[in-house]
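Quick notes on the structure that follows.
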Amino acid sequence: MAIAQARQRVWSARWSYVYLAPMMVLLIAFVVYPIVASLGYTFYRWNGIGDPSDFVGLGNFRQIAHDSIFWHAVEHTFIFAAFVVPIQLALALALALVLNNRKLRFASFYRTLYFLPVVTSAAVVGVVIQLLVSNFGDKINSILLTLHVIDHHVDWLAEPHFAFGIIIAVGIWHTFGYNLVYFLAGLQTIPEDLYEAARMDGAGRRAQFWHITIPMLRGVGVVILILAIIGTFQIFDIVQIITGGGPYFATEVVNTYIYHLAFGGSNATAVQPDVGLASAASFFYGLLLIVFSVVQVVVLRSLVRRRSQGVAA
């Protein structure tokens, strides 16, 4: 009986499966299969040419676990996320509240304007930022020296702290539009009747924000937070184009670290490209993210449970 019901449900939704089939084929071909195939490479020393033959077992994982540059790359990735996510979400929510105002003229134009960086290639953004800093860095130095903001000439992409700060600023700006659109969608699902009732009871804008907007956005806000964190952990293009992970590994993130291992480069820890070592680093980082995701879900559920218990009490 259960099998017959399952078949009936599948048949009734057959066109949905047909529409999803192309995406599933591409997902399996370009995501699932490469992940499964690269698992075998983690046990070999292999430069990507010919067939892998130098079997090292778990040696690649041990090397990655003891590589200080890898752990610095992990640290930089988490620092990037720690700055980008809260700043970006706070700015996106503030601007979404402004753009959600029905009395605002040209709201559609402003929404498009703020979303434009998202549809711009990260590689193009990186090239433009690098050219701007290289060509106008001296003029910026002159202005800041005149204003006594700095006391010496700064090479913006050659000094570690400034280079990483530029990466963070560009990261906040480039993907800002995603979270803005998400918050706008969430705000538009809040019934206007709630705000009208609150105004009739004498509640001001601040009270409406804390007691209506924030609670109603809680569900979608958790999803936005998770998506933002996942997005920041995928940072690669901007870092690779602007700094290449330098100077002195100061902006090296995990994805650029893996890229340099697989294809070589000035910041690679291996003299020759090593696809096996890069695959091991990728899987090792994946395990770290799984652990982090589990902890994140547990913490969020605990907070939701405590809040619900507090409301019930």
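Bear in mind these aren't lab numbers, they're just calculated from the coordinates by the rules spelled out. This one's a predicted model, so the numbers in the text were calculated from it and none came from an experiment. Heads up, the Cβs are rebuilt from the backbone with ideal geometry, glycines too, and the neighbour counts pull from every protein chain shown.
Just a few scattered comments:
- With neighbour counts taken as other beta-carbon atoms within 10 Å, the residues ARG111, ARG205, ARG9 rank, fewest first, as ARG9, ARG205, ARG111.
- Between TRP173, TRP210, TRP11, the GNM of the chain built on Cα springs shorter than 10 angstrom shows TRP11 fluctuating the most.
- The stretch 33-127, dipole about Cα centre (Lys/Arg Cβ +1, Asp/Glu Cβ -1), debye to the nearest 20: 780
- Sorted by Cβ neighbour density within 10 Å, fewest at the top, the residues THR77, THR112: THR112, THR77
- Among VAL170, VAL36, VAL222, the residue with the largest mean-square fluctuation in a Gaussian network model of the chain, with springs joining Cα atoms closer than 10 Å, is VAL36.
- GNM on the chain, alpha-carbon springs under 10 angstrom: the most fluctuating residue among TYR17, TYR257, TYR178 is TYR17.
- 3J(HN,Hα) from dihedral phi, the stretch 129-143, Karplus parametrisation 6.51/-1.76/1.60, rounded to Hz, x for glycine, proline: 4, 4, 5, 4, 5, 5, 7, 10, x, 5, 5, 5, 4, 4, 5
- Burial ordering of ASP237, ASP201, ASP138, ASP274, fewest other beta-carbon atoms within 10 Å first: ASP201, ASP138, ASP237, ASP274
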